[in-house]
Structures are given as structure tokens and as C-alpha cells.
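What follows is a single structure, and I will ask about it in a moment.
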Amino acid sequence: MTGPLPVTLPPLPGELLSSWISRHANFYGVTPLTMLRHGLPEATSLGAIDLSLTKAQADRIAAMFGVSPKAVRGLSFASAPKAAHRFIAKTPMQHCARCAPTSAGPLPVLRSELQGWRITCPLCGESFQGKTARDCSQVHAPYRAAAWRGETLLDNHAERGVETWFPALEIARLLLMRRIPWPPPRDGDLWRYRLLGAIVPDFDAILAKETTFPFSPKHPILPLHIRPALLAGVAIIDRAGPAMLNMLQGHMMGDNKNRFAMATDHLISPVLEWGPPRQMQLI
Ligand SMILES: [Zn+2]
């Protein structure tokens, strides 16, 4: 094991592990991968370390920077459940106008800038801004409170492994599956109809204005101006209970329906204890 570095820089609040290592690389005038290999000679990629950091690697990086292994793990997504991985972007896709770091040299990256389930900054609570002016997370009534609740549910699952009666991250992804609208639409644009629209009708209206929608359970990180609808859908299901998942099955057919049933049947089975969905209080 290599000894600790002579000079270390403190991590910024909420900073990502690879960003912290990159700032040291800049300080020492080496490439980020060279910096990482100083502690982990076998490393092949800096980006991978944020998601796949092992306990042994955390120990060695901690020794190199003279901090605790727990602190190193806290900068990474190593503790995130597998269900969170598709919601973690590879590059920053949002920032907080109040907390975004400014500095000479490479711009630091905060963990929250990659978190595809968030609409507000975890440090100050401000709404996130996306890459374009249109893409911001200002949430309109009537489902503002539900969206914030959904954000908390997903964040508790991703960051602390906490589930309610359902795994919020998995349900959020399933809500992007196609549904069969009834009556069938005249224009035949079936991609515009997702399960989420059966819970949050505004979502159908949002997709009616989009020319494409390249999002699905495999690619669930929505643009910020659409994301609140997905978060609200998760919160509404949480309140309503398993009967609502049962209702959603009724909006599907064929293989899609089978896939959805396989993912949710174990959550629906205690449905008798829950009764019918309760009336939602959205505001
Ligand atoms: Zn902030």
C-alpha cells in the first residue's frame, strides 16, 4: 500500500468521489487515472469507482488520503441498491444555482448532480436547474406536494436502502412502461401512453406535446421539467397501496403485462389487508 499523500484537499459538501480524486490530480499535475492508480494500481477507469467501489478499495483510497473508509464510501454510490443504478447519470445533468461549486481548474461534481430521482438540491432545498432554460424542476400544482413526497421516497430508497411497502425506485421505472389506452387513440402514437398517465393524467398531456420520448424502465432519468410527474406517481401509489398496482395491470396486455405482474405480484398479494385505494389528497 502506498503512503498517504503529503497534501490533501477536503471534499466539498456532497462531492462525488471521482471529482475529489480529479481535483487532487489537478493539484499534483497528473491525470485523474494516474492519481487513482497511486492508491489502486489495478484501476482501469476513474468513472467506475463511483458505482463499483469495494470495501477493500475504499480502505486503500482512505489510507491514501488520510480519511476514514466511511468518508470515502460516502462520496461514492457504493451503498446504493442495484435498483438505483439506472437512475444515476454518468455525467452531471442538473445543478443547484445556489450550491454549484465554482473554482479554477476542473469543476467539481456533486453527487446530487447525477441523481436522476431528485428535483431539489439536498444541500439547500432549491429547485434544480437542467442544462437548458426550459429544463427546470419548477413543479406546478396540483401535484407539487406529491412530487416532493415522491422525491423523499426515492431518495430514502437510493441513499439509505429504505423501502415502504414497495421498492420505490423499481416502481418508478415500471411507471414508464407502455400502457394500452382506452379508447384507442386515433393518431396511433402508442408510445405516448405510459402507465404513469393512468395515475397522473397530466403526464399524457405532457407527452402529447413531445415529439419523441426516449425514456423507459431501462432509461428512467427524465428531464427535470417532466420528472415531478414521475415522482408524484410514486407518492400516489405509496399512499394508495397495492390495489393501485393491481389497477395498473389492467392497463396492460401481453408480454408487458406479464413483466409488470412478475415485478409486482408479490407486492399485490396482501391486497385484502389494504382494501381499495384511498382518495388522494394531492395538495
Ligand atoms: Zn443547493
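For region 250-266, give me each residue that is open to solvent by less than 60 Å² (accessible area, probe 1.4 Å), farther than 13 Å from residue 171 by Cβ and assigned to a helix (DSSP H, G or I).
Selection gives 254, 256, 261.
For region 13-66, which residues satisfy the criterion of being buried (at least 19 other Cβ atoms within 10 Å of the Cβ) and of a type in the set (Val, Ile, Thr)?
Correct list: 21, 49, 61.
In this structure, is residue 69 open to solvent by less than 60 Å² (accessible area, probe 1.4 Å) and more than 27 Å from residue 162 (Cβ to Cβ)?
On the way: open to solvent by less than 60 Å² (accessible area, probe 1.4 Å): yes; more than 27 Å from residue 162 (Cβ to Cβ): no.
Criteria not met by residue 69.
I need the full set of residues from region 73-82 which are surrounded by fewer than 18 Cβ atoms within 10 Å (Cβ to Cβ) and part of a loop (DSSP other than H, G, I, E, B), in order please.
79, 81
Filtering region 90-143 down to residues that are charged (D, E, K, R) and at pLDDT below 95, which residue is least open to solvent (accessible area, probe 1.4 Å)? Spell out how you get there, then give the answer.
Kept after step one, since they are charged (D, E, K, R), are these residues of region 90-143: 90, 98, 111, 113, 118, 126, 131, 134-135.
Checking which are at pLDDT below 95 leaves us with 90, 98, 126, 131, 134-135.
Details: 90: 186, 98: 162, 126: 69, 131: 150, 134: 153, 135: 24 Å².
That would be 135.
Rundown of residues vs (1) outside any helix (DSSP H, G or I); (2) charged (D, E, K, R), yes/no style:
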| residue | (1), (2) |
| --- | --- |
| 30 | yes, no |
| 34 | no, no |
| 45 | yes, no |
| 49 | no, no |
| 63 | no, no |
| 71 | no, no |
| 84 | no, no |
| 101 | yes, no |
| 118 | yes, yes |
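The values are calculated or read from the model by the stated rules, or taken from the named source; none is laboratory data. Owing to the predicted nature of the structure, the values given are computational and were not obtained by experimental measurement. Using ideal geometry, Cβ is built from the backbone for each residue, glycine included, and neighbour counts are taken over all protein chains shown. Ligands, DNA and RNA are excluded from the accessible area calculation, which covers all protein heavy atoms including side chains. Shrake-Rupley method; radii C 1.70, N 1.55, O 1.52, S 1.80 Å.
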